[in-house]
Amino acid sequence: MTTLLHIRGIARGINSPLVGRVTRNINKETELSYFLLTPNVDTKTTGHYIGILTSQQYEPTAQSGLPVVYRLATLSHLEEGDIVVVSPEGNVNTLYRIGSRHNTLLLTERCNSNCLMCSQPPKDRDDIPYFVWLYKKLIPMLPKDCRELGLTGGEPMLLGDSFFELLELLKSELPETELHILTNGRLFAKSELAKRYGDLNYRRSMLGIPLYSDYYQIHDHTVQAKGAFTQTVSGLYNLAKYDSRIEIRIVLHQLTIPRLVKLAQYIYKNLPFVEHIAFMGLENMGYARSNFELLWMDPVDYQRELTESVMYLITQGMNVSIYNIQLCLMPEELWPFMRKSISDWKNIYLDECQNCSKLSDCGGLFASSAKGAHSKFIKAFNS
């Protein structure tokens, strides 16, 4: 079952978005940064809140003039301390889940690439001012013991100066948190940006940058951007010059598999400074769904290329992981490199997996794969 991250009710007294933690404690004595969750707005409260979120079906009577969203279908998915943003339209979006290791901040839906398998196709609208405002509110509220946090897009580097402002805020507020930034790396071809990032000396920050082929035309075609290969490789060298931590990410599909071994060799010979290489199964969302026939390849059918690529890099002393692929589809020699990588809010297991003896070791599937967009060779291990 996937996790609910968005609900909608009827808002009253909300004129602009509000960001806050949630609590069920009706006597919360704290600063004004909490929404009260309650099934009944007429419950007498003594605490201080930004507003009230309720599943009550009828419009509540005024209570201290607090903003309220009522007629919400459920509140059960929210834990004490989760952080939400509430809009004047009655949308309640979960920004941070206290019990999850898979919290990610979407910095923009704009992108300078248009990848054929993008699971979240870019949107050409100026959402950057809103997201910057939102995260400047959110970041100081995040728990100081947050272990890891992702930044993603779109292309985060399109935020320009605001990207660096948010990084400086994260470094200041969460100095012990591991930060993983997904970027296509193209804008780091500008040496001054790579230097600015390096000058932050943010050692808990790693950049995840995709490289889909050792041959420029295949990479450019995959990301639908002429010159992207040259820009990305230039960006990688610029970042290495400033000792930045880098992960190479490779999505596995019909366009990347034929030269996968050559790409592994290219990475070792030309990019030996990267810290980690991630081979990733396809997520059947967005453009990947509409380009399914062009891209989809059963993991069983690329076992040989993936095994040769992984073992080559391992032999050269490089750090390798395999994401988003089920254990039963890969030879046992690759199991030590397979991770439970799918975010918990979109991670499922098929019915036939429920009695598998390896279930607790397997990363499962994307929820978007449930309706047949997965390997026909998935089977339970019985021991």
| said: Using the Karplus curve 6.51 cos²θ - 1.76 cosθ + 1.60 with θ = phi - 60°, what ³J(HN,Hα) values do you get for each residue of region 13-19, in whole Hz, with x for Gly and Pro? | reply: x, 10, 9, 8, x, 10, 10
| task | Note down the magnitude of the dipole of the chain about its Cα centre, charges +1 on Lys and Arg C-beta and -1 on Asp and Glu C-beta and zero elsewhere, to the nearest 20 debye. | result | 180 debye
| query | How big is the chain by the Kirkwood estimate over distinct Cα pairs, in Å? | reply | 22.6 Å
| Hz values of 3J(HN,Hα) by residue in region 121-137 - Karplus curve (6.51, -1.76, 1.60), Gly and Pro given as x | x, x, 10, 8, 9, 7, 9, 5, x, 5, 5, 5, 4, 4, 7, 5, 6
| In terms of solvent-accessible area of protein heavy atoms at a 1.4 angstrom probe, what is the ranking of TRP296, TRP345, highest value first? | TRP345, TRP296
| task | Just name one of GLY227, THR108, ALA194: the one whose Cα is farthest towards the positive end of the charge dipole of region 102-246 (beta-carbon charges, Lys/Arg +1, Asp/Glu -1). | result | ALA194
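Want the number for SER357 to GLU293: 0.36 nm per residue separation, take away the alpha-carbon distance, what's left?
19.8 nm
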| said: List the residues, sorted by chain then number, that are 5 or more residues from LEU95 or on another chain and whose placed amide H is less than 5 Å from its amide H. | reply: ILE83, VAL84, VAL85
| query | Applying the Karplus parametrisation 6.51 cos²θ - 1.76 cosθ + 1.60 with θ = phi - 60° to the phi angles of region 218-228, what ³J(HN,Hα) value in whole Hz is obtained for each residue in order, glycine and proline being reported as x? | reply | 5, 4, 4, 5, 5, 9, 6, 8, 5, x, 5
| task | Would you grab the residues whose amide H sits under 5 Å from the one on GLU178? Only those 5+ places off in sequence or on another chain, please, with H modelled 1.01 Å from N. | result | GLU148, LEU149
| remark: Counting sequence-distant residues (5 or more places) and residues on other chains, those with an amide H built under 5 Å from that of GLY208 are ILE181, LEU182, THR183, GLU247
| Which value in nm describes the separation of the simple spin-label points at GLN217 and SER343, placed 7 Å from the Cα toward the beta carbon? | 3.6 nm
| note | Output for region 246-383 (equivalent-ellipsoid semi-axes, sqrt of 5λ from the C-alpha gyration tensor, Å, descending) is 25, 18, 13
| field | Apportionment of accessible area to carbon and sulfur, the chain, percent (1.4 Å) | value | 50 percent
| remark: Check: C-alpha center region 253-300 vs C-alpha center region 86-127, spacing in Å is 23 Å
| query | Just the accessible area for ARG21, please: 1.4 Å probe, Å², rounded to the nearest 10? | reply | 40 Å²
| remark: Checked against a 18 Å limit on the C-alpha separation, the offending pairs among LYS190/LYS241; LYS136/LYS190; LYS137/LYS171; LYS346/LYS371; LYS144/LYS171; LYS195/LYS241 are LYS136/LYS190
| What is the local net charge at ASN114, summed over the other residues whose Cβ is closer than 14 Å to its Cβ (Lys, Arg +1; Asp, Glu -1)? | 0
| Where nothing but the Cβ of Lys and Arg (+1) and of Asp and Glu (-1) is charged, how large is the charge dipole of region 114-218 around its Cα centre, in debye to the nearest 20? | 60 debye
| field | Ratio of the Cα radius of gyration of region 249-328 to 2.2 N^0.38 Å, where N counts its residues | value | 1.10
| remark: Under the 7 Å Cα-to-Cβ spin-label approximation, VAL300 and TYR237 lie apart by a distance in nanometres of 4.4 nm
| request: Go ahead and collect, in residue order, the members of region 142-186 whose backbone nitrogen is under 19 Å from a label point 7 Å along the Cα-Cβ direction of ASN91. | output: 152-155
| Using the heavy atoms of the protein chains alone and a 1.4 angstrom probe, what is the accessible area of region 149-270 per residue in square angstrom? | 39 Å²
| task | Could you state how much accessible area GLU59 has, in square angstrom rounded to the nearest 10, with a 1.4 Å probe and all protein chains kept in place? | result | 100 Å²
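The values are calculated or read from the model by the stated rules, or taken from the named source; none is laboratory data. Everything quoted here is computed from the prediction, not taken from an experiment. Every residue, glycine among them, receives a Cβ derived from its backbone with ideal geometry; neighbour counts consider all protein chains shown. Protein only, heavy atoms only, side chains kept; ligands, DNA and RNA dropped before computing areas. Shrake-Rupley method; radii C 1.70, N 1.55, O 1.52, S 1.80 Å.
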